[in-house]
Amino acid sequence: MISKFLSALFKHIDSVLLACVLFAMLVGLLVLYSASGQEFSRVSAQMINMSVALVAMWVVANIPPQQIERIAIPAYIVGVLLLIAVALFGDISHGARRWLNIGITKIQPSELLKLASPIMLAWYFSKRESNLTAIDFFIAALILAVPVLLIMKQPDLGTAMLVTASGFYVIFFAGLSWRFILGGIALVGALSPVFWSLLHDYQRRRIEILIDPTQDPLGSGYHIIQSTIAIGSGGMTGKGWLNGTQTQLDFLPERTTDFIFAVFGEEFGMIGNMLLLLLFAIIIARGFVIAAQAKSTFSRLLAGSISMTFFTYCFVNMGMVSGILPVVGVPLPLISYGGTSMLTLGLGFGLLMSIQTHKRLVATG
């Protein structure tokens, strides 16, 4: 009786993906405990965030991709309308207007677009796959540009970049020509002076600090300097759990959120970093396997986008903490403290599991 119940409960759960996600979450809790100064209340709050994300993952995993495809347009429209509402009525915090107060709580609609945008684009290309033209890619670019521009206006460069990446991956996997990609890169390079003039002062400062953080070691460059010191001081094997001096002596800023990778690197060293990278690589590889085995264009494009977006999360966070990318406020997936990003990841993994476990129904339907 119990075995039948468990079988039904985990029928649409991909065991490989779930095992990797749970192990990464466990690592995240251990690092968070150290990063927060052994503050169990922060760890318990993160456990609640993870529980909510896992429940959301299970719910989405049990929804067939065909039903998810049907809500593509409503989800995208609602997401864009919420972004417009943020621009008009959103709460301002630290000079940015990103949150919308709905009475019982505050929501960050931009997070929804990390999934709503690729779902919408995957739906669009699935409907046009038999007759794709250059116009279709132009329309797709417009579909993506609307939420990205609204998010940049908040301003939230990190989230805008992730939404752009999630949508671009769908467009790329749909068959975007390398000629257009290389032409786009050349165009962006040519227009870089224009883009530079459109950046906010603090965004320009981040790029300048990336080039030379020592020009403001106690101000804008402090984050990068301290994080690179922490990672470098970890050496090959690290200083040991709870023994990171940069962490425990409060030199490292934002150590429970954006810079938690520096905590991990200091305490577990290069070997720990490589093992964490291997864990993330397995998650990404599993996502690509699911995409390759998908039975519909919609599922294939969506699974590929989710997998590559997870890669982008990891690459951008580790890059900014290591000092090779500007600080843009992107958390380390499954490791950094935070409820909204954890929920978004849970929904994304749920979509992958739905695509994987429902593919037989699609094939025989």
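Go through region 98-123 and count every residue that is under 26 Å from PHE310 (Cα atoms) and either touching a helix residue (DSSP H, G or I) at 6+ places or on another chain (Cβ under 6 Å) or of a type in the set (A, V, I, L, M) (or both). Total meeting the criteria: 18.
For first residues located in region 205-226 and within 17 Å of GLU254 (Cα to Cα), partners that are surrounded by 12 or more Cβ atoms within 10 Å (Cβ to Cβ) and among the charged types (D, E, K, R) and lie 6+ apart or on another chain with Cβ distances below 6 Å form the pairs SER220/ARG205. Considering every residue within region 270-281, establish whether at least one is touching a Gly at 6+ places or on another chain (Cβ under 6 Å), in a helix (DSSP H, G or I), among the small types (Gly, Ala, Ser) and closer than 24 Å to GLU69 by Cβ. Looking through region 270-281, none of the residues is touching a Gly at 6+ places or on another chain (Cβ under 6 Å), in a helix (DSSP H, G or I), among the small types (Gly, Ala, Ser) and closer than 24 Å to GLU69 by Cβ. Considering region 15-38, and only residues there that are of a type in the set (Gly, Ala, Ser) and touching a residue at least 24 places away in the same chain (Cβ under 8 Å), the residue that is farthest from PHE349 (Cα to Cα) turns out to be GLY37. Among the candidates PHE195, PHE138, the residue that is assigned to a helix (DSSP H, G or I), farther than 25 Å from ARG300 by Cα and modelled with pLDDT under 95 is uniquely PHE195. Inside region 135-192, can you point out the residues that are among the charged types (D, E, K, R) and under 27 Å from ILE207 (Cβ atoms)? The answer is LYS153, ASP156.
Can you name the helices (runs of 4 or more DSSP H) wholly within region 32-129 that have at least 3 residues being closer than 16 Å to PRO155 by Cα? The qualifying helices (runs of 4 or more DSSP H) are 72-89, 109-128.
Within region 226-259, the set of residues being modelled with pLDDT of 90 or more, in a helix (DSSP H, G or I) and either among the polar types (S, T, N, Q) or buried (at least 17 other Cβ atoms within 10 Å of the Cβ) (or both) comprises GLN226, SER227, THR228, ALA230, ILE231, SER233. Given the criteria without any contact (Cβ under 8 Å) to a residue 12 or more places away in the chain, farther than 21 Å from GLY338 by Cβ and either part of a helix (DSSP H, G or I) or under 26 Å from the mean Cα position of the chain (by Cα) (or both), does GLY189 qualify? Yes: the conditions hold for GLY189. Reported count of residues in region 334-345, each being of a type outside the set (S, T, N, Q), in a helix (DSSP H, G or I) and crowded, with 24+ Cβ neighbours inside 10 Å, is 2.
Pairs meeting the criteria (first residue in region 229-255 and without any contact (Cβ under 8 Å) to a residue 24 or more places away in the chain, second residue crowded, with 19+ Cβ neighbours inside 10 Å and hydrophobic (A, V, I, L, M, F, W, C), beta carbons under 7 Å, at least 6 apart or on different chains) are GLN246/ALA230; GLN246/LEU252. Count of region 203-218 residues, restricted to those that are part of a loop (DSSP other than H, G, I, E, B) and modelled with pLDDT under 75, is 3.
Table: residues versus (1) at pLDDT 85 or above; (2) under 13 Å from ALA116 (Cβ atoms); (3) not hydroxyl-bearing (Ser, Thr, Tyr).
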| site | (1), (2), (3) |
| --- | --- |
| VAL55 | yes, no, yes |
| TRP58 | yes, no, yes |
| PRO65 | yes, no, yes |
| ILE73 | yes, yes, yes |
| ILE77 | yes, yes, yes |
| LEU81 | yes, yes, yes |
| ILE92 | no, no, yes |
| TRP99 | no, no, yes |
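When ARG97 is tested against (1) basic (Lys, Arg); (2) in contact with a Phe, Trp or Tyr (Cβ under 8 Å, 6 or more places away or on another chain); (3) touching a residue at least 24 places away in the same chain (Cβ under 8 Å), exactly one condition is not met: (2).
The values are calculated or read from the model by the stated rules, or taken from the named source; none is laboratory data. Note that the structure is predicted; figures quoted are calculated from it, not measured. Neighbour counts are summed over all protein chains in view; Cβ atoms, including those assigned to glycine, are modelled from backbone coordinates with ideal geometry.
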